[in-house]
Amino acid sequence: MTEPLMTMREVAAVLHFSYGHFQRSRAAMIRDQGFPPAVINRRWSRAAVMAWIAARSTPAAPEPSKPSSAVLHGRAQLDMLRAA
């Protein structure tokens, strides 16, 4: 079985680009952003394109923030009031 391939128009559509924008941008995307190159005759591997999109769409996990001293002080006061 052969790997499913996407045309330039299909790739542009999944990227939410116009055909013209993708046509103009694809070389720079391949060079600068790691976009997968065409497999053959301006056809892209569907799996490679979707993996590239998924890798770029995954949000970075936020760093846990520490509560400020004012928040900690307020919590301590609430705890004292509850205990009273």
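The numbers here are math on the coordinates, done by the rules we state, and not lab data. Please read all numbers here as calculations on a predicted model, not as lab measurements. Cβ atoms come from the backbone with ideal geometry, glycine included; neighbour counts cover every protein chain shown.
Distance between the pseudo-spin-label points of residue 7 and residue 32 (7 Å out from Cα toward the beta carbon): 2.8 nm. With K and R counted +1 and D and E -1, the other residues having a Cβ less than 14 Å from that of residue 36 yield a net charge of +3.
Please give the net charge around residue 24, taking every other residue with its beta carbon less than 15 angstrom from that of residue 24, where Lys and Arg add +1 and Asp and Glu add -1.
Result for the local shell: +3.
Give me the log10 of I(q) over I(0) for the range 5-57 at q = 0.12 Å⁻¹, as the Debye formula computes it from C-alpha points; what are the numbers? Result of the Debye calculation: -0.21. Spin-label model, residue 39/residue 57: points 7 Å from Cα along the beta carbon direction are separated by 2.0 nm.
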